[in-house]
Amino acid sequence: MNQNDTIFNRSFSLMLFTSFMLFLSITMISPIMASYAISLNVSGGLVGFLAGLFSMSSLIIRPICGKAVDLKDKKKILMGSYFVVFLAMLGYAFSSSIQMLFFFRIMHGLGWGFASTTSMTVAIDSLPHKKIASGIGFYAMMQTTATAIAPMFGLYIAGLYGFRATYLSGAAMALLGLMMTPFVLTTPPKNSHLSLLGSLKIRELIEKKAILPALLTCCNAMTGAAIGTFLALYAIKLGITGIGLYFTVNAIAMLVSRPFLGYLTERFGLMKIIVPCEIMMAISVIGLAMSTTLPGILAVAVLMGFGSSGASTALFAACIHSTTKDKRGVATSTNYVGLDSGLFLGAFIAGLLVNWFGYFAAFSFFALPIVVVSIIYV
């Protein structure tokens, strides 16, 4: 694939669109999954397991996907993974039993693991080398936009037309993204002669040089998962109404700051962006633990938005720059493993801390791994 000097070339623009459809389809069903499961007589305990099953499926498959992307035809993997997501969405719509719902949830997680990893790798391959950080910033801005509007869209459709209509809408979006994938230009793998099964060794599935930035990504994701899971309950305890504004303000702050922070990353270097952003995140989570009013929490939302926006973009770029071009798939999956692990661990650890020590300790704790891993990384 011949690269040019512009970020918005044909392949990157197409990947922005297809990935936007993918993220819309994924996130629009998130707020209705629990209710849908309960309507199929899934017990309360299994509802939580069902939610975690998606993350665990994608987490397990990502390292294999990263190796597959480096060794095999990216376009075929891209098309196949989008098709699996499409089938899983249709499966949700017509599930009539708990077993069917669990089967399609696992399928969805596997398809998402492949689709998200491959999409990011193909998008990065289409960028000029000197503009990778800015390109990742625009890609992340697309993700933020999708995750900001899709849940409301999904709830609106479910409220008017029911669960099945929501899943069919998600399937239509995945299909629309799939229809665009044949027009994406992809780079041929350098080591296509190697066997994928023969390459599935632990040391080949994780990019060692990307472990530290991925570990810091894990710490950041733990913080986000803890806030996302327990902020509403914290607000109820404090008697604060309208806490949903936190997520809106946070999303706007991330959306506005991503392109600017991507530019600063290119101009001043990764470390000069990562360190201040991690400091902002550590301060934010402590500030949230100390906040007792909505204005204070919204101020934290802005600071957290800027910090997480800059850190996520720079850390992803650090993973990519840590290795060679023919190992970008593994580096991308390594970063996603950190992200998925953080999302899984954050809510679990926060739940234990809330039960044992209360909300102040639960939120404040997550500043510690951010600071420790940041120091090690520096």
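The values are calculated or read from the model by the stated rules, or taken from the named source; none is laboratory data. Just so it is clear, the structure is predicted and the values come from calculations on it, not from any experiment. Cβ placement follows ideal geometry from the backbone for every residue including glycine, while neighbour counts extend to all protein chains displayed. Protein only, heavy atoms only, side chains kept; ligands, DNA and RNA dropped before computing areas. Shrake-Rupley method; radii C 1.70, N 1.55, O 1.52, S 1.80 Å.
Quick notes
- Grouping the Cα pair distances of the stretch 23-137 into 10 Å bins from zero gives a pair-distance distribution of 13, 40, 28, 14, 4, 0 percent in increasing distance order.
- Residue-averaged [θ]222 nm for the chain, counting only DSSP H segments that reach four residues, each worth -39500 (n - 2.57): -27500 deg cm²/dmol
- Summed over the residues of the chain and divided among them, the accessible surface reaches 43 Å² per residue at a probe radius of 1.4 Å.
- Using a probe of 1.4 Å, the accessible surface attributed to Asp5 totals some 130 Å² when neighbouring protein chains are kept in position.
- In the complete set of protein chains, residue-level accessible area for Leu303 is approximately 60 Å², probe 1.4 angstrom.
- Here Ser13 and Trp356 are evaluated by their C-beta separation; at R0 = 35 Å the FRET efficiency comes out at 0.10.
- His129, His321, reordered so the largest accessible area comes first (probe 1.4 Å): His129, His321
- Taking Cβ atoms as reference points and 15 Å as the exclusive limit, the residues near Ala88 contribute a net charge of +2, counting Lys and Arg as +1 and Asp and Glu as -1.
- Summed residue charge, Cβ within 15 Å of Gly224's Cβ, Lys/Arg positive, Asp/Glu negative: -2
- Simple rule: put +1 on each Lys or Arg Cβ and -1 on each Asp or Glu Cβ in the chain, find the dipole, and look at Gly239, Pro188, Ser333; the Cα lying farthest toward the positive end is Pro188.
- Annotation for Ile98 and Ile60: the two label points, set 7 Å from Cα along the Cα-Cβ direction, are 1.9 nm apart.
- Percent of Cα-Cα distances greater than 26 Å, calculated over the chain: 51
- Neighbour cut-off at most 11 other Cβ (10 Å), DSSP loop, trypsin sites (Lys or Arg not before Pro), the stretch 321-378: none
- Pairs from the table (Lys76/Lys325; Lys72/Lys272; Lys74/Lys272) lying more than 26 angstrom apart at Cα are Lys72/Lys272; Lys74/Lys272.
- Computed over the stretch 257-378, the P(r) tail beyond 20 angstrom holds 50 percent of alpha carbon pairs.
- Working from Cα pairs under 8 Å separated by at least six residues, relative contact order for the stretch 11-121 is 37 percent.
- Kyte-Doolittle mean at least -0.5 and Cα axial length at least 24 Å: DSSP H helices in the chain: 10-27, 44-71, 74-93, 98-125, 132-161, 163-180, 211-238, 245-268, 271-290, 294-321, 328-357
- Near Ile7: Cβ cut-off under 12 Å, other residues only, Lys/Arg at +1 and Asp/Glu at -1. The net charge is +1.
- The chain - percent of accessible surface contributed by carbon and sulfur, probe 1.4 Å: 72
- Length added when fully stretched, Thr292-Leu233, from 0.36 nm per residue minus Cα-Cα: 19.9 nm
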